[in-house]
1. Can you give me the orientation-averaged projected area of the convex hull built on the Cα atoms of segment 25-69, in nm²?
2. With θ taken as phi - 60° and the coefficients 6.51, -1.76 and 1.60, list the Karplus ³J(HN,Hα) couplings across segment 75-80 in order, rounded to whole Hz; mark glycine and proline as x.
3. Kindly write out, for segment 16-30 in residue order, the coupling ³J(HN,Hα) from the Karplus curve 6.51 cos²θ - 1.76 cosθ + 1.60 (θ = phi - 60°), rounded to whole Hz, with x marking Gly and Pro.
4. Could you give the size of the charge dipole of segment 1-40 about its Cα centre, using +1 on the Cβ of each K and R and -1 on the Cβ of each D and E, expressed in debye and rounded to the nearest 20?
5. Apply the Karplus parameterisation 6.51 cos²θ - 1.76 cosθ + 1.60, with θ equal to phi minus 60°, to every residue of segment 39-51 and state each ³J(HN,Hα) to the nearest whole Hz, in sequence, with x for glycine and proline.
6. What ranking do 38-51, 92-105 get when scored by the average of other Cβ atoms within 10 Å per residue, highest first?
7. What are the aspartates and glutamates whose alpha-carbon lies under 16 Å from the alpha-carbon of residue 23, with same-chain residues fewer than 8 places away excluded?
8. Taking H as built 1.01 Å from N, whose amide H comes closer than 5 Å to the amide H of residue 54, not counting residues under 5 places away?
Amino acid sequence: MDEFSATLNELTEEYERHARLVKDAYGKLNELEATVRSGDEMVTVTVGARGQVKAIELDARVYRRLPPSELARTITEQLNRAAAIVADRSKELISPLMPDGVPYEELFGEGVDLDSLLPGPGAA
């Protein structure tokens with residue numbers, strides 16, 4: 001085997017290894033969910049991998065104990081907590097796959113704009 005073929009084989013193996021890592025991480029990302037319960041155990045919520053609400057469970061006593069505005073606030077707080085847990089787990093899965101020197105937040109953080117990541121017209 002000549003040097004070019006050996007280098008090509010190494011590159012192919014490296015690509016296949018990275019592809020497996022990305023595929024595994026993607027599979028794990030799709031399965032992520034977080035369930036949290038309020039301190040008084042009146043509200044339990046589950047949030048999925050993309051921040052979607054999968055379940056809201058209310059203890060039967062909640063209607064006697066919490067006024068509607070407080071119940072709404074508690075549900076919102078628990079949804080935010082669960083979404084933050086999913087976001088942290090996503091970051092843990094994706095960060096090892098990020099290019100060296102590129103922080104996770106630069107590609108996936110709040111306010112990221114796809115146009116800012118792409119070269120402009122005529123850029124080489």
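Coordinate-derived values only; no laboratory data. Just so you know, these numbers come straight off a predicted model, no measurement behind them. All Cβ positions, even for glycine, are placed from backbone atoms using ideal geometry, and neighbour counts span all protein chains on display.
1. 3.8
2. Result, rounded to whole Hz: 4, 4, 4, 5, 4, 5.
3. Each residue of segment 16-30 in turn: 4, 5, 5, 4, 5, 4, 5, 4, 4, 5, 4, x, 5, 4, 5 Hz.
4. Value, rounded to 20: 320 debye.
5. Once rounded to whole Hz, the list reads x, 8, 6, 8, 10, 10, 10, 10, 10, x, 4, 9, x.
6. With the highest mean Cβ count within 10 Å placed first, the list reads 38-51, 92-105.
7. Result set, ordered by chain and number: 13, 14, 31, 92.
8. Those qualifying (amide H under 5 Å, at least 5 residues apart or on another chain) are 46, 47, 48.
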